[in-house]
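**Q** What follows is a single structure, and I will ask about it in a moment.
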Amino acid sequence: MGFLRNVFGPSRNEIWQQFASAIGGSFTEGGFWNGGTVEAAHGQWIITLDTYTVSTGKSSITYTRIRAPWFPAAIWVTVVCAPQVPAGKSAAPSRQL
């Protein structure tokens, strides 16, 4: 194992690949500007796990979200989770509907 892997552990892509395999989904690796996605089918739904970044001008915050279409009303249901917060700080997850 490499030094960085020993210090930081497995990469997000490795973890997401394992997660996709565990739930019977698929992992699509992202490019330079976007991260990868995990997609899994549940009944007629396709559930998507991905990340997106919001820039505040001086800094950027990356959020992890899980999305699923709500077909009867033709809307998307999105749940956004706050990034990991350092010890001693608190943050409530945000939700978008």
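Values quoted throughout were computed directly from the atomic coordinates according to the rules given, and no laboratory measurement underlies them. For clarity, every value in this text was computed on a predicted model and none was experimentally measured. Every residue, glycine as well, gets a Cβ built from its backbone with ideal geometry; the counts of neighbours run over all protein chains shown.
**Q** How much length, in nm to one decimal, is gained on full extension between Ile66 and Trp45, taken as 0.36 nm per residue of separation minus their Cα-Cα distance?
**A** Full-extension gain reported as 6.3 nm.
**Q** Starting from the Cα-Cα distance between Gln18 and Thr56, subtract it from 0.36 nm times their residue separation and give me the gain in nm to one decimal.
**A** Computed gain between Gln18 and Thr56 is 10.5 nm.
**Q** Cut-off is 10 Å between beta-carbons; in what order do Ser59, Ser26 appear when sorted fewest neighbours first?
**A** Least to most surrounded, the residues fall as Ser59, Ser26.
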